[in-house]
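Bear in mind that the values in this text are calculations on the coordinates, not laboratory data. Here the structure is a predicted model, which is why all the values come from computation and not from measurement. Counting neighbours? That spans all protein chains shown, and the Cβs are built from the backbone with ideal geometry, glycine included.
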Amino acid sequence: MEKRFHLRVEDVLNKQFHVDFKGYAAHEVDAFLDQVIEDYQEYDAMIKELGDHLREYEDQLASLKAKIVELEGKNSVQAQTSAAPSNVDIIKRLSRLEQAVFQNK
């Protein structure tokens, strides 16, 4: 994965500022806080992007699950209809059996 952030946790924890006459050097603090803000903005963008991808994948998953249920339903209906012979099939079979029985007599 590419390096997206400027700062690591250690960088923030170990940051030392130079002391000026009236406290810390304002330009150093401002520059550091600018880096922190950039990292937070990048982090927020990354979280949003990953959330969008997650929602997209969840929608695809729901769609595929619905398709599986639909296909399983069709397969069970086909299995029931193919397993139970229709009345026409029974009559045809009986007719062939009668022909075979009565032709031998």
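Select from the range 1-35 the residues that are under 40 Å from the mean Cα position of the chain (by Cα), among the polar types (S, T, N, Q) and exposed (fewer than 10 other Cβ atoms within 10 Å of the Cβ) and list them in ascending order.
The one that is under 40 Å from the mean Cα position of the chain (by Cα), among the polar types (S, T, N, Q) and exposed (fewer than 10 other Cβ atoms within 10 Å of the Cβ): Asn14.
Given (1) assigned to a helix (DSSP H, G or I); (2) touching an Asp or Glu at 6+ places or on another chain (Cβ under 9 Å), identify the lone condition not met by Tyr40.
The failed condition is (2).
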